[in-house]
Amino acid sequence: MMRKDLTILLSASGSPSMPGQLECFRRNGERNIRIVGMDMSDEPSARYLVDTFYQVPAASEKCYCDIVLDICKKEGIDIYFPNISAEVSAVALRLGEFEAIGTIVSIADQKAVEITNNKLSAYRFLKTRGIGVPDFYPVYSAKDFVKGCRKLGYPNRPVCLKITEESGSRGVRIIDAARNRYQIFAHEKPNSFFTSYDDMLSILSSTEALDEMMLVEYMSGNEYTVDLLADHGNILYMAGRENVVSMMSIAQESVVSKIDSAYEMCRKIVKALELDGNIGFDFMKDANGNPVLMDINPRITATVSVIAAAGVNLPYLRVKQLLGETLTECQIDYGTRLKRRYGEIYTNSKGELINI
């Protein structure tokens, strides 16, 4: 049975992983969905991924929500999916204005967003609830960096430095005494996270205006992500995937798999924070293959399409949840694999699409 057509708004619609997310909405089997996309980039190919495209400023700009509200009014947006961590925080403060124009925003509770969008706040909250997190140390200065490295066991153990409110691998570096500057130069790919202790200390000492950061013990195994759909503290659907190959936080090869301990931790966190909507939990495997929680993302994740391929279309199920429609039973085909390969969009000097 075909249902009422919808218009949805997606931010970061020009990102490399967006084609898979778009397919989740378009190939839903129940209704036609018109997709309005917006992105900071003015690169012309982005407009050919979606039905209608808008270039917008950074989510950190004061005018951002005003511009998005205008887009929602103009395009008759039924549901708006924020896809950027900073955007989620900004939009959470103005939900009432979106509701007033008839646009549903897919977003978690404001308090939960504030906690999960800051890695340090999230770790502190989870620790008070008895939920296991790796050893960590807050960094507000170069001196804190030196103290934190010692406390976490450097140089005998590598450590990871993160800016607490960044995403997409921005502000992340791994400091490993086993890798000197030459080894990093000669043997690490240009997109490597590894850096030397001296280089990192020099960077932190070069300015007094540091972002809030934290050191955390480094895990050497593969990334493991759990994508789920929650309903105010209860999990409706959940599936995990091991990211066998990643490049700058985006999985290039991923296999759907289940790790019971990670699933159980997700249940505890979702309940403790009363999370709602699409949520992604990033784990890293330690030397023994056990998943250790790294990040909580209160939004759709970049590789959620492989979960849809395995039988659970989390983005579209969120649409049905927000509209109050009956949710369907889903079976997960563990072992489903994603392998990203390059595809091209060609545009001419005027920014017009070229078909070859």
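The values are calculated or read from the model by the stated rules, or taken from the named source; none is laboratory data. Small disclaimer: the values here were computed from a predicted structure and weren't measured. Because the Cβ atoms are built from the backbone with ideal geometry, glycine has one as well, and the counts that use them run over all protein chains shown. The area values use the complete protein model at the heavy-atom level, side chains included, leaving out ligands, DNA and RNA. Shrake-Rupley method; radii C 1.70, N 1.55, O 1.52, S 1.80 Å.
Look at the alpha carbon pairs under 8 Å that are at least 6 residues apart: their mean separation over the length of the range 1-119 gives a relative contact order of 25 percent. For the range 289-352, applying the loop criterion from DSSP together with a ceiling of 16 other beta carbons within 10 Å to the chymotrypsin sites (Phe, Trp or Tyr not before Pro) yields Tyr334, Tyr342. The trypsin sites (Lys or Arg not before Pro) of the range 1-52 that meet both conditions, a loop assignment by DSSP and at most 10 other Cβ atoms within 10 Å of the site Cβ, are Lys4. Mean sequence separation of contacting Cα pairs (under 8 Å, at least six apart), scaled by the length of the chain, corresponds to a relative contact order of 16 percent.
Among the listed pairs Lys62/Lys258; Lys62/Lys268; Lys74/Lys111; Lys119/Lys143; Lys74/Lys271; Lys162/Lys268, those whose Cα-Cα separation exceeds 32 Å are Lys62/Lys258; Lys62/Lys268; Lys74/Lys271. Take the chain with all the other protein chains still there, run a 1.4 Å probe, and you get 49 Å² of accessible area per residue.
Shown here for the range 76-158: chymotrypsin sites (Phe, Trp or Tyr not before Pro) in loop regions (DSSP other than H, G, I, E, B) with at most 13 other Cβ atoms within 10 Å, namely Tyr140. Element breakdown for the chain at a 1.4 angstrom probe: carbon and sulfur atoms account for 48% of the accessible area. Measuring between their Cα centroids, the range 252-304 and the range 1-15 lie 25 Å from each other.
Sorting Thr301, Thr207 by solvent-accessible area of protein heavy atoms yields Thr207, Thr301, largest first, with a 1.4 Å probe. Please state the shape class of the range 1-102: rounded when a/c is under 1.5, otherwise prolate if a/b exceeds b/c and oblate if not, all from the C-alpha gyration tensor. Cα axes put the range 1-102 in the oblate bin. For Rg and Dmax of the Cα atoms in Å, the candidate list reads (i) 22.4, 74; (ii) 37.3, 116; (iii) 20.8, 63; the entry that matches the value derived from this model is (iii).
Under the simplified labelling scheme, the Tyr346-Ser141 pair shows an inter-label distance of 5.8 nm, with each label point 7 Å from Cα along Cα→Cβ. Computed from Cα positions, the angle between helix 64-75 and the longest principal axis of the chain comes to roughly 20 degrees.
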